[in-house]
Amino acid sequence: MTDAAAPVLPDALSEIREEFLALPERERLQLLLEFSRELPGLPERYESMPGLLERVEECQSPVRAFAEVDDDVVHFYATAPEEAPTTRGFASILAQGLSGLTTQQVLDVPDEFPLMIGLNRAVSPLRLNGMAGMLTRAKRQVREQLAA
Amino acid sequence: MPAPTDPTPRLAEYAHPERLVTTDWLAANLDTPGLVVVESDEDVLLYETGHIPGAVKIDWHTDLLQPVERDYLDGAGFAELLASRGISRDTTIVLYGDKNNWWAAYTAWVFTLFGHEDVRLLDGGRNLWVAEGRELTTDVPSPAPGVYPEVERDDTTFRAFKEDVLAHLGTGPLVDIRSPQEYTGERLHIPDYPEEGVLRGGHIPTARNVPWATAVAADGTYKPRTELEAIYREGGLGIQADDSVITYCRIGERSSHTWFALKYLLGIEDVRNYDGSWTEWGNAVRVPIAAGDEVGDVPAALAGSRAA
């Protein structure tokens with residue numbers, strides 16, 4: 001599939017995008033729900049690590065997320081409560097879409113990726129900001145580790 | 001034909017006991033004709049993971065708001081939405097949701113703008129229902145369409161706009177439902193987290209800060225009436241029964257929860273919710289704010305123009 005207007009995405013993110021866009025709008029929520037169920041658990045070494053939790057006060061769900069760089073390969077880990085399936089779905093998309101990429105590939109992911117997967121009407125742009133925030137933070141964490 | 005009122009004694013002490021139902025009562029009344037249970041959540045997917053049997057979903061972002069006008073549905077849109085959920089004008093609606101019923105209360109408030117007569121909240125919300133191990137299902141009902149008239153939304157009785165709040169300063173209580181850090185202006189946003197983007201931190205001058213959670217017990221149910229009186233009336237904010245009161249928070253959802261308590265549990269007649277809230281006020285041109293712990297004064301220019 002060629003789409004001249006769309007920025008180039010890494011393969012995994014591109015496949016996720018096509019999966020969503022192939023569905024009618026209402027059914028995209030079900031796919032997001034499937035992603036939320038697929039969110040992998042945290043590796044043990046992160047389970048008890050303090051400082052990963054950047055707690056969001058009020059209206060939003062607490063999410064812990066961390067992009068780990070190992071030999072220039074990125075792994076994205078995240079956790080969010082069961083009662084926040086949307087947040088879990090967003091985290092799961094990024095965990096599946098970013099993990100295994102090089103640091104440069106992650107930094108090159110367009111910031112507007114969350115707005116490119118056809119969820120603007122089914123989920124709303126304000127909520128998609130939640131995924132944009134996670135992506136921004138992952139990039140910052142990658143940069144910090146590269147600079148260290 | 002409205003469903004019967006939940007006769008639970010602890011509800012009877014509230015000014016309008018018919019506005020709340022307990023989880024026990026709801027569990028026993030799920031099949032009552034003319035009653036529709038509606039789930040309204042912050043999380044757009046939570047309903048899909050499992051909900052109270054027979055409940056339909058109404059989402060504040062995707063169902064209630066018109067993004068272009070930044071306003072709620074019009075009468076035709078509202079009629080279509082409710083009819084599609086099997087709701088008629090005389091249906092008893094029981095609302096519940098996540099986050100201590102913030103969005104359920106918000107939806108109840110929007111329904112009230114359209115004058116729906118019988119709107120109730122499930123006391124304790126989704127959390128309590130789940131904590132008590134009650135039944136959930138992923139079956140989505142397909143109700144027969146309701147018959148709902150096109151009703152004009154009433155934007156004056158229960159809703160306040162920015163101009164109303166400006167005119168209100170110095171004339172009646174103003175209750176800020178946000179966290180103390182938001183009230184003082186210490187917190188504007190958290191790094192890398194989604195926010196509506198507010199330029200100034202603080203509160204509306206003269207507003208008193210009573211975070212929403214002050215109104216609920218540990219299990220998320222509303223506190224008994226005497227405790228609510230002590231918070232909002234004598235010994236607390238000192239609100240009088242005939243005061244005109246405005247509530248606000250950041251986007252108007254937490255303040256709906258307090259709006260509901262003041263209006264229906266304490267029986268204060270004139271309570272409006274300012275849905276523009278801090279997201280609008282903190283960014284608005286030529287409106288005053290106060291920072292820090294002090295409630296702040298009515299700006300002289302406003303007080304002067306009113307006296308003149």
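The values are calculated or read from the model by the stated rules, or taken from the named source; none is laboratory data. Everything quoted here is computed from the prediction, not taken from an experiment. Heads up, the Cβs are rebuilt from the backbone with ideal geometry, glycines too, and the neighbour counts pull from every protein chain shown.
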Can you tell me which residues in the range B:144-184 are within 14 Å of chain A (Cβ to nearest Cβ) and modelled with pLDDT under 95?
B:Ile177, B:Arg178, B:Ser179, B:Pro180, B:Gln181, B:Glu182, B:Tyr183, B:Thr184
Among the residues of the range B:257-294, the number that are over 15 Å from B:Glu182 (Cβ atoms) and among the β-branched types (Val, Ile, Thr) is 4
Just to be sure before I move on: is B:Thr112 surrounded by 24 or more Cβ atoms within 10 Å (Cβ to Cβ), more than 14 Å from every other protein chain (Cβ to nearest Cβ), out of contact with any Pro (no Cβ under 7 Å at 6 or more places or on another chain) and outside any loop (DSSP other than H, G, I, E, B) in the structure I sent?
no
With the checklist (1) in contact with a His (Cβ under 7 Å, 6 or more places away or on another chain); (2) closer than 21 Å to B:Asp164 by Cβ in hand, flag the one item B:Asn283 doesn't pass.
(1)
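For the range A:117-128, indicate whether the set of residues that are within 13 Å of another protein chain (Cβ to nearest Cβ), farther than 22 Å from A:Glu44 by Cβ and within 11 Å of the chain's Cα centre (by Cα) is non-empty.
Scanning the range A:117-128, I find at least one residue that is within 13 Å of another protein chain (Cβ to nearest Cβ), farther than 22 Å from A:Glu44 by Cβ and within 11 Å of the chain's Cα centre (by Cα), so the answer is yes.
Can you tell me which residue among B:Gly282, B:Gly201 is away from chain A (no Cβ under 14 Å), at pLDDT below 95 and crowded, with 18+ Cβ neighbours inside 10 Å?
On the way: B:Gly201 fails: away from chain A (no Cβ under 14 Å).
Checking each option against the conditions leaves just B:Gly282.
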So B:Val198, is it part of a loop (DSSP other than H, G, I, E, B), in contact with a helix residue (DSSP H, G or I) (Cβ under 7 Å, 6 or more places away or on another chain), more than 19 Å from B:Thr8 (Cβ to Cβ) and among the hydrophobic types (A, V, I, L, M, F, W, C)
yes
Taking the range A:65-102 and keeping only residues that are surrounded by fewer than 18 Cβ atoms within 10 Å (Cβ to Cβ) and either β-branched (Val, Ile, Thr) or in contact with a Cys (Cβ under 8 Å, 6 or more places away or on another chain) (or both), one is left with A:Val73, A:Thr102
Scanning the range A:123-148 for residues that are more than 30 Å from B:Ser40 (Cβ to Cβ) and in a helix (DSSP H, G or I) gives A:Ala138, A:Lys139, A:Arg140, A:Gln141, A:Val142, A:Arg143, A:Glu144, A:Gln145, A:Leu146, A:Ala147
Among (1) at the interface with chain B (Cβ under 10 Å from one of its Cβ atoms); (2) assigned to a strand (DSSP E or B), which single condition is A:Thr87 missing?
(2)
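With respect to B:Arg153, is the statement that it is under 23 Å from the mean Cα position of the chain (by Cα), among the basic types (Lys, Arg) and not in a strand (DSSP E or B) true?
Criteria met by B:Arg153.
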Sort out which residues of the range B:46-59 are within 9 Å of another protein chain (Cβ to nearest Cβ) and closer than 17 Å to B:Gly125 by Cβ, and write them in order of number.
B:Leu46, B:Thr49, B:Asp59
Hits in the range A:113-130 - residues which are modelled with pLDDT under 90, touching a Ser or Thr at 6+ places or on another chain (Cβ under 9 Å) and of a type outside the set (D, E, K, R):
A:Ser124, A:Gly130
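From the list B:Thr91, B:Thr49, exactly one residue is hydroxyl-bearing (Ser, Thr, Tyr), over 18 Å from the mean Cα position of the chain (by Cα) and buried (at least 20 other Cβ atoms within 10 Å of the Cβ). Which is it?
The unique qualifying residue is B:Thr91.
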Please tell me if B:Leu45 is touching a Leu at 6+ places or on another chain (Cβ under 7 Å), over 20 Å from B:Ser255 (Cβ atoms) and hydrophobic (A, V, I, L, M, F, W, C).
yes
What are the residues in the range A:75-96 that are of a type outside the set (A, V, I, L, M, F, W, C) and touching a Ser or Thr at 6+ places or on another chain (Cβ under 9 Å), if any?
A:His75, A:Tyr77, A:Pro81, A:Glu82, A:Glu83, A:Pro85, A:Thr86, A:Thr87, A:Arg88, A:Gly89, A:Ser92
